[in-house]
Amino acid sequence: MKNASRFTMGAIAALFLAASPALAYEAADVKDGGSLSGTITGGPGKAGTIKVTKNDDVCGKMVADESSKVKDNKIEGAVVTIQGIAKGKKADTKPAVIDNAQCVFVPHVQAAMVGSKIDIKNSDPILHNSHAYIGGKITTFNVALPNKGQKVTKPLKKAGLMNVKCDAGHTWMKAWIVVHDSPYYAVTDAKGSFKIDNVPPGKYKVKVWHETLGETEKEVTIAAKGAAKLDAALKK
Amino acid sequence: MSKKILAGGSLGALGLAILVSILFSTPAHTQEPAKKAAVDQTATGEGKNIYDKYCAWCHGEKGAGDGPGATYQIPRPRDFTSGAYKFRFTPSGDPPLDEDIFKSVAEGFPGTSMPPWKHALTEKQMWAVTHYIKTFSDAFKDAKPKKIEIAKQISPSKESIEKGAKLYKDSKCWECHGDEGRGDGPSAKDLKDDWGNPIRAADLTQPWTYRGGSTHLDIFRNFTTGLNGTPMPSYADTNSDEDRWHLANYVRSMAPEKDPSVATLLSSAPVKGPIPDDPESAAWKGAREGFLPFMPQIVEEPRHFTPTVTAAFVRSLYNDDEIAFLIRWSDPTESKEGTAVDAFALQFPAREGEAGTKPYFLNGDEENPVMVWLWKHGTAGAVDLLGKGLKATGPNPKPGTFTKTVASFNKGEYKLLVKYSIKDRPQGAVSFAPGGFIPVALQVWDGGNGEEGSKKGVTTWTWFTLEKPTPVSVYLYTVLAVVGAVVAQGWIVRRVRRS
């Protein structure tokens, strides 16, 4: 009897625990949405190459080092996310894509929304083994793509920073996926610039992250139909 | 000083405990996850007590896989804080079912330090510890792991195994596990687990070391789910259910259906004429093969807790002049240069002793020295050493003669043939007389794993005998008996007909 009631309480507690982190994002029409754009700067970058140690007949002798692409102090591949939006624009329903192409992951950096899916592809005629971790340590999926043209779709179940490796001896292969809790994210282009639109007016925390050049957090206010600016300089 | 001895002693004891658990762990043969017992999942008190008493030594107080015994093990004990479990009936990246954890506790993992606890704990206790282990990780908090569907099994017919062989090639299983499955593929060398610890690709020819069990279902499950926390990926999306059954059938066919049992007596068979050098010759093929597992050398410094080579298979032939040993063992890497090279040694007592006496198994001692036949890869041939202890082993002042040493390394397997001249043996050395019993022990080094000197795999003594040739009289008596029986029958028949 006593045990049973303890069990019930436990079950209720478990239900609450299960429910609490699921502040599920809700898609709705955004009234008077504003935008956030800007440029991310910092450095120094390096435009190096990495020596290929396996399958160089397919991969080539060298691959580009994409870990810090900077031109004129402007950072490409920084990820900007607006924090704490639980209700807003509709998320992209198309799955994100990561391709194993000539022994590098394409794209090297991207962002996606939690609960969406990702297509993992192999464009090379060799074994690739896409092993993704969340928080740097915990495997979220590990799939073999032994042949060219294969595609596997996996859900992005948890928000957080995902990194992808290839366990098939291609030690240089690395990719990053920022899995965000809302569709309010952007990755900077070659000019270091980004734009996020259709943001419900309000005051937000904005995070900027780059894999090697550092990260920062800023506050912005986005007015109704306004165009807010956010220029940030990253420091290592 | 005494503290040092104490530390050494407890280290040795720990090593022994690990050893014992390795030796006595039995393969897991559960077909499906065990049924859940009705244990109050929120009452983890009993689970904690059991965990702290038995599990924390390796898995750590907080479940981080960092207990005092952790550093002496490959594979390392599981870190429960991540929620990554290798053997599960859930998709890649998902936490396990409660039943999966329970099975791991109950059955243990063959070839590792994790013993089966079903002999020591009750079912209720194992469920309690299962629930307690889950509290170490957030991964279980809002997860509802779903069991994968097991597609209808395809029987391991010749046709299915052939299909599996092709799939093994096409799906690049060989990149880690090697062409013949000995874990020697081109990508196998630098494999790391999620914690950055070295991890080996399974030697598929030794199902008794398959951590997750060696039934066809166990193998099918591993292809389907991948092994979380390791480089072994899921093939669920790139190979169909049928293909994964074919693969499982092929992988299981790489090894004999029945695990070999440890030899209690090795024997040498007599041959007429010269002993062939070719391991593939009929004489060698016909010789009885003995299986001997290795233990890590953890008695003397520097100790070695994680040797690569798990076992050797030994055959022997002899004639009036020579005795020959043909030994094979799996090693994922060929190393013949530098200080740590692959090597193998056979040990015998240095002199003909009293029947039944055995020297100290680690290269003997001053009183009872041993003869060590050492073969090192990259050298001309085996050498005869005299051992009076691990640190007192050197060239034998009265060495015997090796008439032949042939070593080959092919697809993760060594074959070593050593011939020793009985005729030219030094005075006082073991005579290898037919019918007698001689103790033999083996030692092995995997250079690729940094093994050299006292860092090696060892066996204790096993009895070895040279079978006596069957005397001609045995055949003669058989013939006489047959002739006699025929004559007697004829006589009886005639008597019966007459009367």
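The values are calculated or read from the model by the stated rules, or taken from the named source; none is laboratory data. Because the structure is predicted, anything quoted here is derived from the model rather than measured. Glycine gets a Cβ as well: all are built from the backbone with ideal geometry, and neighbour counts include every protein chain shown. Side chains are part of the model used for accessible areas, which takes the heavy atoms of the whole protein and leaves out ligands, DNA and RNA. Shrake-Rupley method; radii C 1.70, N 1.55, O 1.52, S 1.80 Å.
Once amide H atoms are placed 1.01 Å from N in the peptide plane, what residues at a sequence separation of 5 or more from A:Met62, or on another chain, have their amide H within under 5 Å of its amide H?
Amide H neighbours of A:Met62, under 5 Å, 5+ apart: A:Val52.
Toward the positive end of the charge dipole of chain A, about the Cα centre and with charges on Cβ (Lys, Arg +1; Asp, Glu -1), which of A:Ala64, A:Pro200, A:Ile120 goes farthest?
A:Pro200
May I ask for the equivalent-ellipsoid semi-axes of chain A, computed as the square root of five times each C-alpha gyration tensor eigenvalue and listed largest first in whole Å?
Each semi-axis is √(5λ); the values are 33, 28, 15 Å.
Taking a ≥ b ≥ c as the square roots of the eigenvalues of the Cα gyration tensor of region B:430-499, is the shape rounded (a/c under 1.5), prolate (a/b larger than b/c) or oblate?
Prolate shape, in that a/c is at least 1.5 and a/b is the bigger ratio.
So who's got an amide H within less than 5 Å of the one on B:Lys86, skipping anything under 5 residues away but keeping other chains? H placed 1.01 Å off N, in plane.
none
Which one, B:Pro439, B:Tyr168, B:Phe361, is farthest towards the positive end of the dipole of chain B when Lys and Arg carry +1 and Asp and Glu -1 on their Cβ?
Checked the options; the winner is B:Pro439.
Along region B:377-391, what does the Karplus equation 6.51 cos²θ - 1.76 cosθ + 1.60 (θ = phi - 60°) give for ³J(HN,Hα), rounded to whole Hz, x for Gly and Pro?
4, x, 10, 5, x, 5, 10, 9, 10, 10, x, 10, x, 4, 9
With respect to the cross-link table entries A:Lys90/A:Lys236; A:Lys74/A:Lys165; B:Lys62/B:Lys86; A:Lys154/B:Lys411; B:Lys86/B:Lys163, which display a Cα-Cα separation exceeding 24 Å?
With Cα atoms farther than 24 Å apart: A:Lys90/A:Lys236; A:Lys74/A:Lys165; A:Lys154/B:Lys411; B:Lys86/B:Lys163.
Would you work out the charge dipole size for chain B about its Cα centre, treating the Cβ of every Lys and Arg as +1 and the Cβ of every Asp and Glu as -1, and quote it to the nearest 20 debye?
So the magnitude is around 1460 debye.
For the protein assembly as shown, which cysteines have no disulfide-compatible partner, meaning no other cysteine Cβ under 4.7 Å?
Among the cysteines of the protein assembly as shown, those whose Cβ sits 4.7 Å or more from every other are A:Cys166, B:Cys55, B:Cys58, B:Cys173, B:Cys176.
If B:Phe136, B:Phe291 are ordered by their accessible area, calculated over protein heavy atoms with a 1.4 Å probe, which sequence runs from highest to lowest?
If we order B:Phe136, B:Phe291 from most to least accessible, we get B:Phe136, B:Phe291.
Sort out for me the Cα centre separation of region B:348-426 from region B:72-110, rounded to whole Å.
After rounding, the separation between the Cα centres reads 43 Å.
Kindly compute the accessible surface that chains B and A hide from a 1.4 Å probe when together, both sides summed, and give it to the nearest 100 Å².
The B and A chains share an interface burying roughly 2400 Å².
Longer than 19 Å from Cα to Cα, which of A:Lys195/A:Lys225; A:Lys148/B:Lys172; A:Lys117/A:Lys205 are they? Say none if no pair is.
Where the Cα-Cα span goes over 19 Å, the pairs concerned are A:Lys117/A:Lys205.
Largest first, what is the accessible-area ranking of B:Thr339, B:Thr470, B:Thr130 with a 1.4 Å probe?
Solvent-accessible surface, decreasing: B:Thr339, B:Thr470, B:Thr130.
Which residues of region B:81-117 bury at least 20 Å² of accessible area once all protein chains are present, versus their chain alone (1.4 Å probe)?
B:Ser82, B:Ser92, B:Gly93, B:Asp94
If you roll a 1.4 angstrom probe over the protein chains with everything in place, what fraction of the accessible area of region A:24-233 belongs to carbon and sulfur, to the nearest %?
50
Give the carbon-plus-sulfur fraction of the accessible surface of region B:158-253 in %, rounded to a whole number; probe 1.4 Å, heavy atoms of protein chains only.
The C+S portion of the solvent-accessible surface of region B:158-253 is 51 percent.
Using 1/(1 + (r/R0)^6) with R0 = 25 angstrom and r between the beta carbons of B:Ala269 and B:Ser421, what's the FRET efficiency to the nearest 0.05?
0.85
Under 1.5 on a/c is rounded, so check that first for region B:158-253, then, if it is not, pick prolate when a/b is larger than b/c and oblate when it is not; a ≥ b ≥ c are the square roots of the alpha carbon gyration tensor eigenvalues.
It comes out prolate by the Cα gyration axes.
Would you work out the charge dipole size for region B:158-253 about its Cα centre, treating the Cβ of every Lys and Arg as +1 and the Cβ of every Asp and Glu as -1, and quote it to the nearest 20 debye?
That gives a dipole near 180 debye.
So, in Å, what gap is there between the alpha-carbon centers of region B:170-248 and region A:179-236?
Cα centroid to Cα centroid, the span is 43 Å.
With a probe of 1.4 Å, find how much accessible area chain A has per residue, and write the answer as a whole number in Å².
That works out to 51 Å² for each residue.
Kindly identify the protein assembly as shown as rounded, prolate or oblate by the Cα gyration tensor criterion: order the square roots of the eigenvalues as a ≥ b ≥ c, call it rounded if a/c is under 1.5, otherwise compare a/b with b/c, prolate if a/b is larger, else oblate.
prolate
With the cut-off at 23 Å, tell me which of the pairs B:Lys147/B:Lys192; A:Lys157/B:Lys169; B:Lys336/B:Lys415; A:Lys151/B:Lys141; B:Lys48/B:Lys118; A:Lys157/A:Lys229 have Cα atoms farther apart than that.
Result: B:Lys147/B:Lys192; A:Lys157/B:Lys169; A:Lys151/B:Lys141; A:Lys157/A:Lys229 exceed 23 Å.
Which Rg and Dmax, in Å, describe the Cα atoms of region B:41-99?
According to the Cα coordinates of region B:41-99, Rg and Dmax are 12.5, 34 Å.
Picking from A:Gly42, A:Gly84, A:Ala232, whose Cα lies most toward the positive end of the charge dipole for chain A (charges on Cβ: Lys, Arg +1; Asp, Glu -1)?
Towards the positive end, the residue furthest out is A:Gly84.
Roughly how many Å² is the accessible area per residue of chain B, as a whole number, for a 1.4 Å probe?
I get 48 Å² per residue for this part.
Treating only the Cβ of Lys, Arg, Asp and Glu as charged (+1, +1, -1, -1), what charge dipole size does the protein assembly as shown show about its Cα centre? Round to the nearest 20 debye.
Once rounded to the nearest 20, the dipole reads 1180 debye.
Determine the relative contact order of chain A: mean sequence separation of Cα pairs under 8 Å and six or more apart, normalised by residue count, in whole percent.
Value for chain A: 28 percent.
Enter the per residue convex hull volume of region B:226-282, computed from alpha-carbon coordinates, in Å³ rounded to the nearest integer.
193
In region B:126-174, what residues drop by 50 Å² or more in accessible surface going from the chain by itself to the full protein assembly, probe 1.4 Å?
Buried on complex formation: B:Asp142, B:Lys172.
Simple spin-label model, 7 Å along Cα-to-Cβ: B:Ser261 to A:Ala64 in nm?
It is 6.5 nm.
Can you send over the carbon and sulfur percentage of the accessible area for region B:303-351, probe radius 1.4 Å, protein chains only?
The value for region B:303-351 is 41 percent carbon and sulfur by accessible area.
With an 8 Å Cα cut-off and a minimum separation of 6 or more residues, compute the relative contact order for chain B in percent.
So the answer I get is 12 percent.
Any chance you could check region A:139-177 for residues losing 20 Å² or more of accessible area when the partner protein chains are in, compared with the chain on its own (1.4 Å probe)?
A:Thr139, A:Thr140, A:Asn142, A:Ala144, A:Pro146, A:Asn147, A:Gln150, A:Val152, A:Lys154, A:Lys157, A:Lys158, A:Asp167
Tell me, what is the percent relative contact order of region B:265-468, built from C-alpha pairs under 8 Å that lie six or more residues apart?
Value for region B:265-468: 28 percent.
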